[in-house]
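Only the coordinates and a few stated rules stand behind these numbers; no lab work does. From a predicted model like this one, the values you see are computed outputs, not experimental measurements. Note that each Cβ is placed from the backbone with ideal geometry, even for glycine, and that neighbours are counted across all protein chains shown.
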Amino acid sequence: MSKSSPRRPFGGKSSGTVTVIEARVHRSSARNARLAFYLTAVIVGLLSAVVAASYMHPIVALFVGALIGVPLGVFVWVLVRIWPVLRLLWWWSTEIVFTTGAISFWVQLANHTAAPVTAGVVALVVGVPAAVPVIRRTVFGWFMCLFVRHRLRVCFAQFIISNRSGSLPLILWAKPTPVGERVWVYLRPGLSLADLEGRLDRIAVACNASTALIERASDGNAAYLRFDIKRREVLTAEVGSPLVDVIDPDNTPATERITGSVPTALDLPDVDVPAVTLPAQPKKPPATTANGSKPAASTSPDDDDVSDWI
């Protein structure tokens, strides 16, 4: 008799397992962990044995080197092996800290205060940020930063990843901006800025944003990038200016404001233009021939000048 697999609530069969670390990432971390163990144990063991040989017998120094290199290699193996889990904890670190703090605060408040006081404190903590626009926008902006970090991770996992091991880029931190959010990312080998520039439209769709921009965050490191997620345009908003009160103290609407005629030429009656007198030009003496006589004027353009033949 075969056992049927449990079904999901909306149809389809479920395997009963949840994939936290992908198989490709799991195999890659295992291979890297073994390599890190061997390299660390051998290199540290040999160096320790060489140093210890100066103070004791070489055979004893080899045992001392092994006692130092093998434990350190095991430590490096564990660190590399659990690195995918550490990355997962880093992605959810803010949520874990916030949830732990909220639960601890609730437990301490419920154990040391009465129920009406607890309800009042909770209403104050929740109601004040919701009622004050500045605090509400700030809280919502930081919430969207957490949302964008996870959406970028989904983008890298779904259609951006391009290396053999399957490791995702390290999404560092994020902060709100007047137009959206800004996120800093450190790429792993296999990706570049040019690979991401062709997918910005898909990244904007995944982040529920209007547009997405990307640029280098460091001049000396091409792997350190900065994403700018834009959700709104602030340059089209109307802003107040103190010049309005200076130009129009009565705050007259622009449609009812009386303006003068538009000048079409310069009118400078108060400018004295100095008179400019040009110096007299000396007259040139008439040209003479070789014998000192004035050449005769030519009466016809076809007549030849006699002086040219003398």
Burial ranking of peptide ranges 182-193, 85-96 (average Cβ count within 10 Å, highest at the top): 182-193, 85-96
Relative counts (whole %) of C-alpha pair distances in the stretch 139-235, using bins that are 5 Å wide: 3, 14, 26, 27, 18, 9, 3, 1, 0
From phi via Karplus (6.51, -1.76, 1.60), per-residue ³J(HN,Hα) for the stretch 50-65 in Hz, x at Gly/Pro: 5, 5, 5, 5, 6, 10, 8, 5, x, 5, 5, 5, 5, 5, 5, x
FRET E, pair residue 224, residue 31, Förster distance 30 Å, beta-carbon r, rounded to 0.05: 0.65
Translational diffusion of the stretch 72-133, µm² s⁻¹ [Kirkwood Rh, Cα pairs; Stokes-Einstein; 37 °C; 0.692 mPa s]: 221 µm²/s
Peptides 143-153, 74-84 ordered by average Cβ neighbours within 10 Å, highest first: 143-153, 74-84
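Subtracting the Cα-Cα distance from 0.36 nm times the residue separation, let me have the gained length for residue 192 to residue 100 in nm, one decimal.
Contour length minus the Cα-Cα distance gives 29.4 nm.
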Sum of side-chain charges, residue 183 neighbourhood, beta-carbon under 10 Å (Lys, Arg +1; Asp, Glu -1): +3
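Given R₀ = 51 Å, FRET efficiency for residue 113-residue 233 by Cβ-Cβ distance, to 0.05?
0.65
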Distance histogram in 10 Å bins (all Cα pairs of the stretch 23-88, percent per bin): 24, 37, 22, 12, 4
Long-range amide H partners of residue 214 with built H, under 5 Å: 228
From phi via Karplus (6.51, -1.76, 1.60), per-residue ³J(HN,Hα) for the stretch 32-46 in Hz, x at Gly/Pro: 5, 5, 5, 4, 5, 5, 4, 5, 5, 5, 6, 5, 5, x, 5
Karplus-derived 3J(HN,Hα), 6.51/-1.76/1.60, for each residue of the stretch 105-113, Hz, glycine and proline x: 5, 5, 5, 5, 5, 6, 7, 10, 9
Amide H partners (placed H, <5 Å) of residue 177, local residues excluded: 182
